Amino acid sequence: MPSDIRSFFGGKPAATPAVQEKKPEKAPAKKGRGRKVVEDSDEDEAPKVKKTAAKKAEKRAPTPEGEATTTSDYFGSKNKPKRSEPTRPKTAGKPAADSEPTVTPVKANGRASKAKGTPSKETPSSRTSSRKKATTSYAELQGEDEFPDDDLDGAEDVFTAEFKDHRKDKKEAYKEDDDEDDEPVKPQRRSNGKGAQKKLKDDDYDPDGDVDMKEENPEDDFVVPDEDEEIVEDKPATKSKAAASRKRKAQDLDEEEEEDEAPTKKTKKAASPAKPKAPAKKAKKEDAQDSAAMQDILAGVPLIRAPSPPPKTEQKGFKFGGQHGNSGPPPEAGSFEAPDGAENCLAGLSFVFTGLLQKLSRDEGQALVKRYGGKVMSAPSKNTSYVVLGADAGPKKLEVIKKNGLKVIDEEGLAHLIRVLPANGGDSAAAAKNAEKKAKEEEKIREMAAEMEKQERAIGGTGGARAGKTANVSGGKGKGKENAPDTRLWTVKYAPSAMNQICGNKTQVDKLQKWLHDFPKNQRTKFKMAGPNGSGNYRAVMIHGPPGIGKTTAAHLVAKMEGYDVVESNASDTRSKKLVESGLKGVLSTTSLLGYFAGDNKEVEAGKKKLVLIMDEVDGMSAGDRGGVGALAAVCKKSQIPMILICNDRKQPKMKPFDFVTYDLPFRRPTTDQIRARISTILFREGMKMPPNVVNALIEGSGADIRQVVNMISTAKLDQEAMDFDQGKEMSKAWEKHTILKPWDITGKILGGGMFAPSSKSTLNDKIELYFNDHEFSPLMLQENYLGTNPILSNNAPNQKMKNLKALELASKAADSISDGDLVDRMIHGSQQQWSLMPAHAVFSFVRPASFVAGSMSGHQTRFTSWLGKNSSQGKLTRMVKEIQGHMRLRTSGDRHEVRQQYVPTLWKNLVQKLQVEGKEAVPEIIDLMDSYFLTKDDWDAIMELGVGPMDMENVKIETQAKATFTRMYNAATHPLPFMKSSSVLAPKGKTTKEKPDLEEAIDESDEGEAVDDKPDEEEDMDLSKDKYVAKPKKKKAPAKAKGKGKKAAEDEDEEDEEEKPKKAKGKAAAKGETTGERTLSSLTGVIVYMNIFAPDLFFISLK
Amino acid sequence: MALLVDKHRPRSLEALSYHHTLSDRLRSLAQSGDFPHLLIYGPSGAGKKTRITATLRALYGPGVEKIKIDSRVFQTTSNRKLEFNIVSSNYHLEITPSDVGNYDRVVVQDLLKEVAQTQQVDLAAKQRFKVVVINEADHLTRDAQAALRRTMEKYSPNLRLILLANSTSNIIAPIRSRTLLVRVAAPTEEEICDVLKKVGKKEGYKENAELEKRIAKESGRNLRRALLMFEAVHAQNEQVNEKTPIPPPDWEALIAQIADDIIAEHTPARILQVRAKLYDLLTHCIPATTILKTLTFKLMPKIDDALKSEVVKWSAFYEHRIRMGSKVIFHLEAFVAKFMRVSEAHLMGMDFDDDF
């Protein structure tokens, strides 16, 4: 599968050699059962390995020419770096030239060159090669074996299919691959060795592990430092490597490693002369290339001594939060003068930044290195040319530095390097290698471009035999690269037309293809068999990943490759529940007409019978597409045609219905190098010149969004032929996608100290901008966290006490500023609505406080603002207080603050504490008190909840028995209620009047009407008798009362309800007798109804 | 069995035990037949509401004590529904417009007009007008107060207003000019002692003049509070003497704790701890200004004299901000930070040079 190989190689060249070398070694031992292992073991890896091997083998046989160049190249260059310095220049010039040799010769060639360069090594290398040969053939056999017979085996299946269908593509791809590989080839070998070892170890299936090691080691022996390094890597330093290799396996695409290694390798050699440890003899060969002048220059770099790593014993566990130590701004920021150096002067050198630099921040340093063509790596290895060391470097790194004897410089040393090195790295070995690599790269690009051209022409010739986008659009136009009349967008024009042109996500694309390929088979088994990678159970696939990385392209391409006709639906179509259900019905059970008919002069493509449904932008289903997601998920469960769903964010809650329904394929951003190859090709075809570091800057700036990079260069093409580093940076900045920061990030950024460091370039506007990322949360988050910093401004206090005072002063100033901010906030959100004050609010509530307290946040976790939670619970409790006050109102005169501050503590003692202390004996008393204040059970709970400090609810422990008794007794009795709710809404204007009288329906309580009226009882009676309106309402009242009662029953507790009926009866019977005590009085203008449990009786009395 | 404070509440003007001249004036106003709009103001626990109730009784007779609570729903112009409780008798209405926050204007406009446009139907009523008592008048928004002023003049034949407030400072001048201002001062400690003695006698408590005096002092001349404390002390102790501790309310205890925290350590980390406690108080409905005031008074005895004026100054400064702003915790925290800063500088013998 060419596609495979290409991005496989392109993606991570390191893997390629691994494959090749591993294969040979593995194969012989495997014969019996090894093979099985390979096939069965994890799908990710094994198949891949096999694939490539098989492919290569296959390809080699039929098409010797194409590869010849590359292979030879490959071997030649591969050998070079390690073994034979002398060969290097030769090959550098050579690659373009050699084209014919056949497979075997090539190999021989490779070996020969090896031999030539390093006679001493002959034995091991020959051994290797012989083995290699053997295995290669084996691989071939294997490949052939598998292809015909196992239909069910996923991996092979795919290959076969691909192989058959796209042999041509493969060829091309292969070529391209090799081209691309040329540059990384050198490092490959080394990494390869490691990779192989790793793999073997990881897989732990092989008896050959030892052999492998041996083989590696002899080679390494040759160059002693290597040996050292090898060992280092194997043992202490392995971690990062191991991680890397594992990752690589998993992702299949992690190119970074390779990237890093390539230069490192080279540079190491350049560096080695200066390496204190490196034995002169061994270094000699490598140094041969460095001119004396260069050596002088390099020797002139002021080295510093790295502190020895601390003893290893300390701290076992990982300390969280301790990582921010070095992220702060440099203490002497601003004192560093950026050196002015020759262009690309650091070419071929690799740098590692570690620790807190004194004069420049890490970002600036890294930018500087990149700008002059150097490579920046994250962790030191034996290949690192220089380590730029600051304070507090990690112990691990120091260890590695010591072990490898790496050259250590500070920022001055870096500046010196930049100043003295000649353009393009001068004539140092590293630079030479770099130049060579560059040349090769260019060569490759040219080839690729030619390939593309050819392809296009071919397409033009056949008049759109291929149905892909490119083909369709470019049909008929073809002729070469004159693109003048071409009106297509570059993103369309250069859209991948073959699998191998997809950048990155190889594994995922393969999985997709396999799934699609197996679909009919799975359909036959009714999706019961999961298959080797578990995709067999699914009728739908969900591809998700960030924009611009080729999800849609991959889906379309795979469909095309597998001979499916595509039905696409995207966000431009309405996809509501109904439409999904009805609209898809037509699609789900049909076949494409294209399988039976074709346009003029076109052949019928039998393969086109099959349909695949591509649902693009599934997460774009929005309010207009109500129910669409659910319906779509339902369709996914029973679809008879394969469905490919595409979305950006799989984690959204609304994507939940697709869980367990679709086979998820996460697409990741391709690495810079994966994209760069493609972009460079495009650039070449368009005749633009852009140095790799510029392309890198563009790619990094866009967040690996291929589409955007293509758009950018297409824009650039309009007015310029070339672009330099700064322009590139500028452009990617201008095109920067503005991501909205999350509140946590905002807080971390503003409080972290970086923005307020003297060296910081961020302006006030930048900081205000930060606030506007989330203007609601940022001030709150800042307020929550501003006390958790270690302010920079307090750092230079003479002693701890002064520092504390300073910190307090800063905190106080910050708090004052936040307080100011709140006043502004009031003007914005209050009645004035002065929204134009937002920037002022940003400054007062966000920027200014941060300016005081900004500093390292180590040891402090960024917390989410607690204001919101507290505010809402305050609201809740306030409602409770209002409720309590509303109930007590007939009894007390205080407002709600008085109730909370004076009554609640007293009531708490009499209600809650009493129950707690005295238990159930106190219950009657408590209920009595509650009734006298019209408090309900809910109010009792509220009073308990309102306690604070010593009365905190947490401290209240009431026996369950007492509580149960309380609840039971409370529910058993009826309780007075002060009022009823009216449900009538009063409109704001209009019919205001005359409604008042109707309010009488409010019927009210009084058990203790007596209590209130102890004294005035007689007066009252007298009053009532005088009141003319007592009698009047009787007639009228009937309906109202009934209503009131009904309402009451409904609204208030059920007990009332239950009791009412019997009472009514009783009331009627005993009506006359009961009129004595309290009478209900009502008048037209207002009502005083004392409601007690006899109320129903009274109604009936009054009715009579 | 209600609490003492409500059980022994005087019901008529004659029964009131202090501010006799004021009671007399109110009685004569009630009898004059030309009852003006009133603005009654004074600290809480001084007896404003009790006086009003007694005055109403003098105006209308005992019928005014037959009160009930209505719940009405109002609709704002933005169609938001507000539920609003009205305490009313035949003759008067009692409302607390600040219950509905910023929508108090709607309530004032609608409800008052409705009442004002309805004539007293009860021919036997002693007065032709109805009385509307507005609680927490000083918490009325400007809009609501503006809505009041015209109503007061236009509907005066049918309507009299009694505004209750803690202070007149928040009440706009036009309203102050339309009302008769009546100040109800807090009772003196002796007056409180008298009341306590009287109540104690009714309840059959053993008299203890010393304790009563202490309670009167502790209560801050708030009679309601004094009575509640009086009851709490007696409820918790069978035998009381001069030494019997008076349990402070929960929130005061917590504020005292905060004051101790602040004094004990001056670091940003401590501010964070204090913030948690302040939040606790705020969520439990203790107003920020009360917190600030209480905290300041709790801090006072613990700090050096030289600092006192400074601390009081800042306390006042931030109290003002609490009223001006919306997120009160910010200002409380700023006060705590400022206090720590000032007192730490003082401890270290450094001048507090101010910024601002």
Checklist entry - Is it true that A:Gln913 is more than 7 Å from every other protein chain (Cβ to nearest Cβ) and touching a Gly at 6+ places or on another chain (Cβ under 9 Å)? => result no
Checklist outcome for this item: Note on B:Val108: of the conditions (1) more than 11 Å from every other protein chain (Cβ to nearest Cβ); (2) closer than 25 Å to B:Thr290 by Cβ, unmet is (2)
Checklist entry - Looking at B:His266, is it touching a residue at least 12 places away in the same chain (Cβ under 8 Å) and over 28 Å from the mean Cα position of the chain (by Cα)? => result yes
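Which of the residues spanning the range B:56-92 are β-branched (Val, Ile, Thr), within 7 Å of another protein chain (Cβ to nearest Cβ) and open to solvent by less than 10 Å² (accessible area, probe 1.4 Å)?
Of the residues in the range B:56-92, the ones β-branched (Val, Ile, Thr) are B:64, B:67, B:69, B:73, B:76-77, B:86-87.
If we keep only those that are within 7 Å of another protein chain (Cβ to nearest Cβ) as well, we get B:67, B:69, B:73, B:76-77, B:87.
B:Ile69, B:Thr76, B:Val87, listed by residue number.
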Checklist entry - Which helices (runs of 4 or more DSSP H) sit wholly inside the range A:781-895 and have at least 1 residues that are modelled with pLDDT of 90 or more and within 9 Å of chain B (Cβ to nearest Cβ)? => result A:800-829, A:848-853, A:867-888
Checklist entry - Restricting attention to the range A:522-534, does a residue exist that is over 17 Å from A:Val618 (Cβ atoms), in a helix (DSSP H, G or I) and open to solvent by less than 50 Å² (accessible area, probe 1.4 Å)? => result yes
Checklist entry - Of the residues that sit in the range A:723-762 and are more than 25 Å from A:Tyr372 (Cβ to Cβ) and aliphatic (A, V, I, L, M), which one is most open to solvent (accessible area, probe 1.4 Å)? => result A:Ile740
Next on the checklist: One residue is enough: does the range A:826-834 have a residue meeting the conditions farther than 27 Å from B:Ala165 by Cβ and open to solvent by 40 Å² or more (accessible area, probe 1.4 Å)?
Outcome noted: yes
Checklist entry - Given the conditions (1) surrounded by fewer than 14 Cβ atoms within 10 Å (Cβ to Cβ); (2) in the same structural domain as B:Phe297 (by TED's automatic domain parsing), which single one is not true for B:Ile258? => result (1)
Item to check | Output for the range A:353-388, where each listed residue is touching a Leu at 6+ places or on another chain (Cβ under 8 Å), assigned to a strand (DSSP E or B) and hydrophobic (A, V, I, L, M, F, W, C) | outcome: A:Val387, A:Val388
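Which count do you get for residues in the range B:101-151 that are of a type in the set (S, T, N, Q), open to solvent by 20 Å² or more (accessible area, probe 1.4 Å) and outside any loop (DSSP other than H, G, I, E, B)? Outline the logic, then answer.
Initially, the range B:101-151 is screened for residues of a type in the set (S, T, N, Q), giving B:102, B:109, B:117-120, B:127, B:135, B:141, B:145, B:151.
Right, trim to open to solvent by 20 Å² or more (accessible area, probe 1.4 Å) and you get B:102, B:109, B:117-119, B:127, B:141.
The next check asks that each one be outside any loop (DSSP other than H, G, I, E, B); those that pass are B:102, B:109.
So the answer is 2.
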Checklist entry - Filtering the range B:15-55 down to residues that are assigned to a helix (DSSP H, G or I), touching a residue at least 40 places away in the same chain (Cβ under 8 Å) and within 14 Å of chain A (Cβ to nearest Cβ), which residue is most open to solvent (accessible area, probe 1.4 Å)? => result B:Thr53
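Considering only residues that are of a type in the set (A, V, I, L, M, F, W, C) and open to solvent by 10 Å² or more (accessible area, probe 1.4 Å), look in the range A:668-696 and name the one that is nearest to A:Asn537 (Cα to Cα). Walk me through how you get there before you give the answer.
Taking the range A:668-696 and keeping what is of a type in the set (A, V, I, L, M, F, W, C), we get A:675, A:677, A:679, A:682-684, A:688, A:690, A:694-695.
Adding the requirement that they be open to solvent by 10 Å² or more (accessible area, probe 1.4 Å) leaves A:677, A:684, A:688, A:690.
Values: A:Ala677: 37, A:Phe684: 45, A:Met688: 48, A:Met690: 47 Å.
So, considering only residues that are of a type in the set (A, V, I, L, M, F, W, C) and open to solvent by 10 Å² or more (accessible area, probe 1.4 Å), the one nearest to A:Asn537 (Cα to Cα) is A:Ala677.
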Checklist entry - Could you count how many residues in the range B:158-201 are part of a helix (DSSP H, G or I) and over 30 Å from B:Asn241 (Cβ atoms)? => result 6
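Being within 12 Å of another protein chain (Cβ to nearest Cβ) and in a helix (DSSP H, G or I) is the filter here; which residues of the range B:263-274 pass it? Don't jump to the end; show me each part of the working.
Initial filter on the range B:263-274 (within 12 Å of another protein chain (Cβ to nearest Cβ)): B:265-274.
Once the filter is applied, which keeps residues that are within 12 Å of another protein chain (Cβ to nearest Cβ) and in a helix (DSSP H, G or I), the range B:263-274 yields B:Pro268, B:Ala269, B:Arg270, B:Ile271, B:Leu272, B:Gln273, B:Val274.
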Checklist entry - Checking A:Lys403 against (1) surrounded by fewer than 24 Cβ atoms within 10 Å (Cβ to Cβ); (2) assigned to a loop (DSSP other than H, G, I, E, B), which single condition isn't satisfied? => result (2)
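Yes or no, residue by residue, for (1) in contact (Cβ under 8 Å) with a residue 60 or more places away in the chain; (2) within 10 Å of chain A (Cβ to nearest Cβ); (3) more than 14 Å from A:Gly949 (Cβ to Cβ); (4) in contact with a Pro (Cβ under 8 Å, 6 or more places away or on another chain):
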site	(1), (2), (3), (4)
B:Ala256	no, yes, no, yes
B:Cys285	no, yes, no, no
B:Ser309	no, no, yes, no
B:Lys313	no, no, yes, no
B:Glu319	no, no, yes, no
B:Ile322	no, yes, yes, no
B:Gly325	no, yes, yes, no
B:Phe335	no, yes, yes, no
Item to check | In the range B:213-230, residue nearest to the chain's Cα centre (by Cα) [restricted to those that are closer than 14 Å to B:Lys198 by Cβ and within 11 Å of chain A (Cβ to nearest Cβ)] | outcome: B:Leu223
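Criterion first (at pLDDT 80 or above, of a type outside the set (Ser, Thr, Tyr) and open to solvent by less than 10 Å² (accessible area, probe 1.4 Å)) does A:Leu414 satisfy it? Walk me through how you get there before you give the answer.
Values: at pLDDT 80 or above: yes; of a type outside the set (Ser, Thr, Tyr): yes; open to solvent by less than 10 Å² (accessible area, probe 1.4 Å): yes.
Yes: the conditions hold for A:Leu414.
In this structure, is A:Pro798 surrounded by 15 or more Cβ atoms within 10 Å (Cβ to Cβ) and over 23 Å from B:Phe335 (Cα atoms)?
Values: surrounded by 15 or more Cβ atoms within 10 Å (Cβ to Cβ): no; over 23 Å from B:Phe335 (Cα atoms): yes.
Considered against the rule, which asks whether it is surrounded by 15 or more Cβ atoms within 10 Å (Cβ to Cβ) and over 23 Å from B:Phe335 (Cα atoms), A:Pro798 comes out as no.
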Checklist entry - If you go through the range A:528-554 one residue at a time, how many are over 20 Å from the mean Cα position of the chain (by Cα) and more than 16 Å from A:Thr491 (Cβ to Cβ)? => result 14
Checklist entry - Which residue pairs have Cβ atoms under 6 Å apart, sit 6 or more places apart or on different chains, and have a first residue in the range A:956-973 that is farther than 14 Å from A:Val917 by Cα and a second that is exposed (fewer than 11 other Cβ atoms within 10 Å of the Cβ)? => result none
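The values are calculated or read from the model by the stated rules, or taken from the named source; none is laboratory data. The structure displayed is predicted, hence computed values, not measured ones. Note that each Cβ is placed from the backbone with ideal geometry, even for glycine, and that neighbours are counted across all protein chains shown. These accessible areas exclude ligands, DNA and RNA; they are computed on the full protein's heavy atoms, side chains included. Shrake-Rupley method; radii C 1.70, N 1.55, O 1.52, S 1.80 Å.
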